[in-house]
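A.B. asks: Once you've had a glance at the structure underneath, I'll fire off some questions.
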Amino acid sequence: MKPTSKLLFLTTLLVSNFLFSQNNFKIPTSNPERNQACGYFSKAFQQKPKEVRFSIVKEDNKLFFSTNDKKWFSNIFKKSGDGIAIDVVSKSIYDCDKETLQSQIKGTLLKPVFAQQLMRGFKKSSSSNNFISYVGTIPKELEKEELEFNILFLSNKTLCRYQRIYNLESYPWDLLDMGVYLDSLTYKDKKISTSDKYITKYKTLKFVIPFEKNKTEYSSEDIKPLYDSLKLTDFTIKTINIKAYSSIEGSLERNIELQEKRANSIVKSLQTFQKPSIVTEITTSENWVEFLNDISKTPYKSFKELPKKTIKQKVVANVSKELETYLKNHRKAVVILELEKKDKYKNMSKEKLVDTFNNFVLNENIDEALVVQNSIFEKLKTEGSPNLLQKLNVPKQLKFVTILNKNSIFKYLLNASYAKIAFDELKKVETLDPKNKNIKYNLIVVKFIIWKNNWQNINENDFKKEIIALKSYGITQNLIDRMLVNFHIVKAEKNMRERKYDAKDESVDFIIDTYENFYLSNFDYLSLAQFLSFYANTDEATELLEDKVKTITVDEDLLYYYLNLTLFDEYAIGSKNYRTIMLNAIEMNKERFCKMFNSSLNNGVTFQLLENKYLKATYCENCIK
């Protein structure tokens with residue numbers, strides 16, 4: 001399920017040390033002057049609602065101070081000496097062949113802009129809902145450099161706060177996938193498991209295949225027991241995703257070759273069992289994660305602090321033999337199969353399907369009508385229009401409730417904009433079977449979309465009672481808890497818009513206390529972490545992902561989002577596990593890792609991460625040729 005909206009915002013990071021090596025524009029920074037001038041100003045920032053955000057935006061060579069709450073800053077910039085100055089920082093000062101100098105003003109300081117000019121200059125941004133005010137122009141000698149812009153906040157012309165800015169993606173609008181009841185509870189995200197007794201149309205299966213040292217072939221005989229156990233006579237393999245891992249000893253080139261051959265041998269074996277070609281995605285990497293984890297309790301634990309190249313040089317001969325007890329477990333392939341139930345009506349035309357369906361309904365062969373109905377749904381997924389459903393002749397009778405329910409809710413699955421139409425139809429179907437749990441559940445699902453988009457006036461308290469009441473119709477508590485989390489996701493957004501920050505915090509707290517009550521897919525984890533980050537609960541977002549990122553099979557987006565959350569946390573970076581997490585990210589997608597160190601204005605987090613010696617060493621080792 002894709003987010004309905006996406007917000008890329010800039011989050012601020014406080015730098016607490018204010019001692020400068022220079023005194024540009026005669027800005028006082030000594031402690032006595034600062035303490036006297038910054039008392040009120042510092043207190044105001046300490047009490048600033050975390051929802052108030054600000055950043056510097058660039059338009060051509062002009063720079064603008066941007067905020068989502070002009071009113072808050074009007075209460076801060078009161079005196080003539082209150083204002084800001086911009087420190088223009090170039091990435092070139094962090095070159096790998098240079099020693100990074102530790103100074104507070106890192107680049108070129110622009111002339112300060114004070115209260116009257118700053119507040120009068122505010123205008124509505126043409127590209128966002130923020131207000132912007134002009135604060136300076138990039139010096140000509142820096143126009144071709146990769147730049148970032150830090151902010152000096154001034155009170156009475158004295159530096160009170162130095163702030164740098166980094167990028168963090170956030171999706172405030174997204175809801176957790178609640179699924180809908182068709183033949184059974186069916187999710188848009190096929191990776192969400194269900195304990196429902198019915199056979200679902202889609203399945204996702206995951207298994208691990210070990211390999212012996214230097215062995216690449218995997219025969220169909222080897223994989224046939226697995227194939228048989230999956231009962232693939234009833235299913236077709238739609239996609240194969242293989243993550244192939246080699247142990248870390250040996251050259252990178254040889255290891256990549258081994259991994260690719262291993263993965264292709266698995267694909268070849270699986271392909272022998274079915275005619276339709278299988279869409280395949282293969283990724284390869286050296287298994288640094290499990291290697292660094294496994295040596296932690298061995299005499300070779302000191303290797304964890306060494307560069308990868310040095311570790312490879314040491315893991316040879318006798319050392320390799322001694323570590324083989326671990327290395328043998330690192331050579332493997334993790335295989336994820338996306339299965340689709342075979343469709344015996346797949347090759348039938350739409351017109352013929354409609355006729356066949358109507359005949360089964362006429363003869364009251366409901367089970368087979370439901371099977372044909374699913375085939376019609378599959379055809380409609382490629383068209384995006386539910387018009388064909390109007391040709392299905394289904395009497396408005398109790399015996400046909402399952403078919404009627406599916407026809408209505410499928411309109412919503414086809415396109416969320418049909419939610420109101422689906423809701424109105426389901427209300428009519430409900431009169432035929434008032435206690436049907438599938439209809440009750442589906443009504444709540446589409447009502448969420450109506451409420452979230454303000455398509456109809458819905459009383460919050462009554463809606464919440466309807467959700468809780470689902471239990472009396474046989475809906476399990478974990479599904480109800482999932483809905484209640486969604487209820488508070490929407491409520492938090494509505495309260496945020498109305499600046500009811502305390503009420504918004506109550507919803508966020510409920511979500512934090514409740515999400516462990518039900519299964520979360522990888523997409524759910526990411527959506528929830530982004531939601532928490534958007535509302536400035538980064539500690540909770542980090543905690544949510546901590547256990548997930550320690551595994552070699554972690555979802556790539558989850559792993560990189562965790563890095564975004566923690567790259568400024570010196571305590572996290574200094575932990576023993578952090579290098580393992582970073583190497584996992586590098587092995588998974590090195591290009592993406594290196595891009596994090598681009599400018600915050602160039603799809604990076606910030607290149608000022610390179611002030612950290614450890615991060616700079618990792619970046620220079622892996623990203624600079």
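Any read-out appearing in this document is the output of simple, stated calculations on the displayed coordinates, not a laboratory observation. Only a predicted model underlies this, so the values are computations on that prediction, with no experimental measurement involved. Cβ placement follows ideal geometry from the backbone for every residue including glycine, while neighbour counts extend to all protein chains displayed.
A.B. asks: Can you tell me the orientation of helix 366-381 relative to the chain, as the angle in degrees between its alpha-carbon axis and the longest Cα principal axis, to the nearest 10?
C.D. replies: With both axes taken from Cα atoms, the answer is about 40 degrees.
A.B. asks: If you average the C-alpha positions of region 52-101 and of region 563-582 separately, how far apart do those two centres end up, in angstrom?
C.D. replies: Taking the Cα centre of region 563-582 as reference, the centre of region 52-101 is 26 Å away.
A.B. asks: Just to be sure I follow the rule: in region 520-625, considering lysines 8 or more places apart or on different chains, how many pairs have Cα atoms under 20 Å apart?
C.D. replies: So the count of such lysine pairs works out to 14.
A.B. asks: What full-extension length gain, to one decimal in nm, is calculated for THR100 and LYS435 as 0.36 nm per residue of separation minus the Cα-Cα distance? Before the final figure, lay out the partial values.
C.D. replies: Numbers: separation 335, 0.36 × 335 = 120.60 nm, distance 6.90 nm.
Here the segment from THR100 to LYS435 would lengthen by 113.7 nm.
A.B. asks: OK, next. Just flag the trypsin sites (Lys or Arg not before Pro) in region 311-362 sitting in loop per DSSP whose Cβ has no more than 15 other Cβ atoms within 10 Å.
C.D. replies: Working: sites: LYS312, LYS314, LYS321, LYS328, ARG331, LYS332, LYS341, LYS342, LYS344, LYS346, LYS350, LYS352; in loops: LYS328, ARG331, LYS342, LYS344, LYS346.
For trypsin sites (Lys or Arg not before Pro) across region 311-362 that sit outside H, G, I, E and B with at most 15 neighbouring Cβ atoms in 10 Å, the list reads LYS328, LYS342, LYS344, LYS346.
A.B. asks: Still on this structure, please answer the following. Under a point spin-label approximation (7 Å from Cα along Cα-to-Cβ), what is the GLU260-LYS58 distance to one decimal in nm?
C.D. replies: Distance between the two pseudo-spin positions: 3.7 nm.
A.B. asks: How many nm separate the modelled label positions at LYS550 and SER320, each set 7 Å beyond the Cα in the direction of the Cβ?
C.D. replies: 3.1 nm
A.B. asks: Sticking with this one: Once you've got the Cα coordinates, tell me which of LYS243/LYS309; LYS350/LYS428; LYS440/LYS471; LYS48/LYS111 are over 20 Å apart. Display every interim value, and only then the final one.
C.D. replies: Details: LYS243/LYS309 23 Å; LYS350/LYS428 27 Å; LYS440/LYS471 10 Å; LYS48/LYS111 26 Å.
Where the Cα-Cα span goes over 20 Å, the pairs concerned are LYS243/LYS309; LYS350/LYS428; LYS48/LYS111.
A.B. asks: Nearest 10 degrees, 0 to 90: what angle lies between the long axis of helix 460-469 and the longest principal axis of the chain (Cα atoms)?
C.D. replies: 50 degrees
A.B. asks: Could I ask something else about it? May I ask you to evaluate 6.51 cos²θ - 1.76 cosθ + 1.60, the Karplus curve with θ = phi - 60°, for each residue of region 333-346 and list the ³J(HN,Hα) values in order in whole Hz, giving x for glycine and proline?
C.D. replies: With coefficients 6.51, -1.76 and 1.60, one gets 10, 9, 10, 10, 9, 9, 10, 10, 4, 5, 10, 6, 9, 4 Hz.
A.B. asks: Note the angle between two axes, namely the Cα long axis of helix 401-414 and the longest principal axis of the Cα atoms of the chain, as a number of degrees from 0 to 90, rounded to the nearest 10.
C.D. replies: Helix 401-414 and the main axis of the chain meet at about 30 degrees.
A.B. asks: Could you give the length gained on full extension between GLN274 and LYS111, defined as 0.36 nm per residue of separation minus the Cα-Cα distance, in nm?
C.D. replies: Details: separation 163, 0.36 × 163 = 58.68 nm, distance 7.01 nm.
That works out to 51.7 nm of additional length.
A.B. asks: Which cross-chain or sequence-distant (5 or more) residues have an amide H under 5 Å from the amide H of GLN104, H modelled 1.01 Å from N in plane?
C.D. replies: Residues meeting the amide H criterion: SER21.
A.B. asks: Hey, another quick one. For mean projected area of the Cα convex hull in nm², the choices are (1) 40.6; (2) 33.1; (3) 28.1; which was calculated from the structure?
C.D. replies: Step by step, mean projected area of the Cα convex hull in nm² for this structure corresponds to label (2).
A.B. asks: Quick check: the distance between the Cα centres of region 349-379 and region 404-477, to the nearest angstrom?
C.D. replies: Distance between centres, Cα-based: 25 Å.
A.B. asks: Any idea which of ASN622, SER600, ALA572 is furthest toward the positive side of the dipole for region 520-625, if Lys and Arg beta-carbons carry +1 and Asp and Glu beta-carbons -1?
C.D. replies: ASN622
A.B. asks: Whole Å is fine, so just give me how far the alpha carbon centre of region 251-312 lies from that of region 601-625.
C.D. replies: 25 Å
A.B. asks: Too long at a 23 Å Cα-Cα cut-off: which of LYS71/LYS500; LYS396/LYS452; LYS346/LYS420; LYS464/LYS504; LYS70/LYS504?
C.D. replies: Working: LYS71/LYS500 15 Å; LYS396/LYS452 30 Å; LYS346/LYS420 30 Å; LYS464/LYS504 16 Å; LYS70/LYS504 20 Å.
Beyond 23 Å between Cα atoms: LYS396/LYS452; LYS346/LYS420.
A.B. asks: For region 467-524, state which GluC sites (Glu not before Pro) are in a DSSP loop and have at most 10 other beta carbons lying within 10 Å of their beta carbon.
C.D. replies: Values: sites: GLU493, GLU498, GLU506, GLU516; in loops: GLU498.
Passing sites in region 467-524 are GLU498.
A.B. asks: Considering the Cα trace of region 520-625, what is its radius of gyration and what is Dmax, both in angstroms?
C.D. replies: That works out to 13.2, 40 Å for Rg and Dmax.
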